[in-house]
């Protein structure tokens with residue numbers, strides 16, 4: 001029973017984010033009050049306050065004293081340097097032993113967000129893959145990946161445990177480029193459990209869309225990295 005209560009604020013937070021991404025709550029808009037949100041979602045003020053505090057910490061919304069809570073206009077974007085070395089190879093280069101545990105690999109219908117990211121129709125078949133990456137048997141990354149089944153029909157738990165990119169290539173698709181976004185987020189129950197950290201702890205999130213030469217998106221993923229175990233390096237070449 002306690003677990004269900006702890007997950008409620010995460011569900012509300014995700015719903016508010018979806019409303020912002022769909023344009024229902026536009027940048028600069030005044031959001032409903034805590035009392036109004038309580039009535040809307042039929043939950044306690046504590047649950048709403050927790051969800052809103054997490055949204056504030058992640059930069060989705062902000063408060064103005066005496067005026068209310070508003071939708072943020074977004075963060076300044078910074079392009080990271082590119083690297084052809086895969087994450088597992090980077091770990092080996094640092095004398096760390098990589099390991100992947102596939103938590104889940106199943107076929108499902110694309111929801112609105114996955115369909116938008118992959119450029120397909122809502123309800124189209126996709127694979128959902130959830131994996132935890134280890135360095136020397138320590139959890140450092142949890143990833144949820146959405147892969148188009150029409151482009152990659154042969155995706156199994158065994159192949160996902162090796163490499164999603166190798167599986168995509170084995171299905172006849174050359175990888176062309178990726179679009180990646182990094183930000184700080186508050187971990188929900190699923191990510192926290194997989195990373196062996198407390199729910200609500202901050203972590204890095206990298207969202208990636210992978211494209212093939214036809215400019216079709218073949219995979220979209222959200223990877224969560226432990227902030228106390230991972231750091232990022234940016235290299236710039238000015239020549």
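Would you check if residue 164 is surrounded by 13 or more Cβ atoms within 10 Å (Cβ to Cβ) and modelled with pLDDT under 90?
So residue 164 fails the test.
Just checking, does region 198-210 include any residue being in contact with a strand residue (DSSP E or B) (Cβ under 8 Å, 6 or more places away or on another chain), exposed (fewer than 14 other Cβ atoms within 10 Å of the Cβ) and not in a loop (DSSP other than H, G, I, E, B)?
We begin by selecting, within region 198-210, every residue in contact with a strand residue (DSSP E or B) (Cβ under 8 Å, 6 or more places away or on another chain); these are 200-210.
Add one more test, that the residue is exposed (fewer than 14 other Cβ atoms within 10 Å of the Cβ), and what stays is none.
No, that holds for no residue.
Which condition breaks for residue 142 when tested against (1) out of contact with any strand residue (DSSP E or B) (no Cβ under 9 Å at 6 or more places or on another chain); (2) at pLDDT 95 or above; (3) farther than 22 Å from residue 125 by Cα?
Here residue 142 meets the rest and fails (1).
Inside region 167-196, can you point out the residues that are assigned to a helix (DSSP H, G or I), under 21 Å from the mean Cα position of the chain (by Cα) and over 11 Å from residue 218 (Cβ atoms)?
Passing the criteria: 189, 190, 191, 192, 193, 194, 195.
Just wondering, is there one or more residues in region 93-112 that are assigned by TED's automatic domain parsing to the domain that holds residue 206, over 26 Å from residue 197 (Cβ atoms) and in a loop (DSSP other than H, G, I, E, B)? Don't jump to the end; show me each part of the working.
So in region 93-112, the residues assigned by TED's automatic domain parsing to the domain that holds residue 206 come out as 93-112.
Of the ones still in play, those that are also over 26 Å from residue 197 (Cβ atoms) are 107-112.
Now narrow it down to the ones that are in a loop (DSSP other than H, G, I, E, B): 110-111.
Within region 93-112, one or more residues are assigned by TED's automatic domain parsing to the domain that holds residue 206, over 26 Å from residue 197 (Cβ atoms) and in a loop (DSSP other than H, G, I, E, B).
Are any residues in region 46-77 in a loop (DSSP other than H, G, I, E, B) and crowded, with 18+ Cβ neighbours inside 10 Å, and if so, which ones?
58, 60
Within region 153-173, restricting attention to residues that are touching a helix residue (DSSP H, G or I) at 6+ places or on another chain (Cβ under 9 Å) and in contact (Cβ under 8 Å) with a residue 12 or more places away in the chain, which residue is farthest from residue 215 (Cα to Cα)?
Of everything passing the filter in region 153-173, 156 is farthest from residue 215 (Cα to Cα).
Could you tell me whether region 24-33 includes any residue that is assigned by TED's automatic domain parsing to the domain that holds residue 202, surrounded by 15 or more Cβ atoms within 10 Å (Cβ to Cβ) and over 30 Å from residue 135 (Cα atoms)?
Scanning region 24-33 turns up no residue that is assigned by TED's automatic domain parsing to the domain that holds residue 202, surrounded by 15 or more Cβ atoms within 10 Å (Cβ to Cβ) and over 30 Å from residue 135 (Cα atoms).
When you scan region 143-152, do you find a residue that is in contact (Cβ under 8 Å) with a residue 60 or more places away in the chain, under 21 Å from residue 209 (Cβ atoms) and exposed (fewer than 14 other Cβ atoms within 10 Å of the Cβ), even just one? Can you show your working first?
Of region 143-152, the ones in contact (Cβ under 8 Å) with a residue 60 or more places away in the chain are 143-148, 151-152.
Those still in the list that are under 21 Å from residue 209 (Cβ atoms) too: 143-148, 151-152.
So of that shortlist, the ones also exposed (fewer than 14 other Cβ atoms within 10 Å of the Cβ) come out as none.
Looking through region 143-152, none of the residues is in contact (Cβ under 8 Å) with a residue 60 or more places away in the chain, under 21 Å from residue 209 (Cβ atoms) and exposed (fewer than 14 other Cβ atoms within 10 Å of the Cβ).
Spot the failing condition for residue 126; the list is (1) part of a loop (DSSP other than H, G, I, E, B); (2) over 16 Å from the mean Cα position of the chain (by Cα), and only one is missed.
(1)
Just checking, how many residues over region 93-133 are surrounded by fewer than 14 Cβ atoms within 10 Å (Cβ to Cβ), at pLDDT below 95 and under 21 Å from residue 225 (Cα atoms)?
Going through region 93-133 one residue at a time, the tally reaches 4.
I'd like to know if region 32-54 contains one or more residues that are modelled with pLDDT under 90 and either touching a helix residue (DSSP H, G or I) at 6+ places or on another chain (Cβ under 9 Å) or more than 20 Å from residue 113 (Cα to Cα) (or both).
As a first pass, look at region 32-54 and keep what is modelled with pLDDT under 90: none.
No, there is no match, as no residue in region 32-54 is modelled with pLDDT under 90 and either touching a helix residue (DSSP H, G or I) at 6+ places or on another chain (Cβ under 9 Å) or more than 20 Å from residue 113 (Cα to Cα) (or both).
If residue 169 satisfies every condition in (1) touching a strand residue (DSSP E or B) at 6+ places or on another chain (Cβ under 8 Å); (2) modelled with pLDDT of 90 or more but one, which is the exception?
All conditions pass for residue 169, except number (1).
The values are calculated or read from the model by the stated rules, or taken from the named source; none is laboratory data. Since we're looking at a predicted model, the values are computed, not measured. We place every Cβ from the backbone using ideal geometry, glycine too, and count neighbours over all the protein chains shown.
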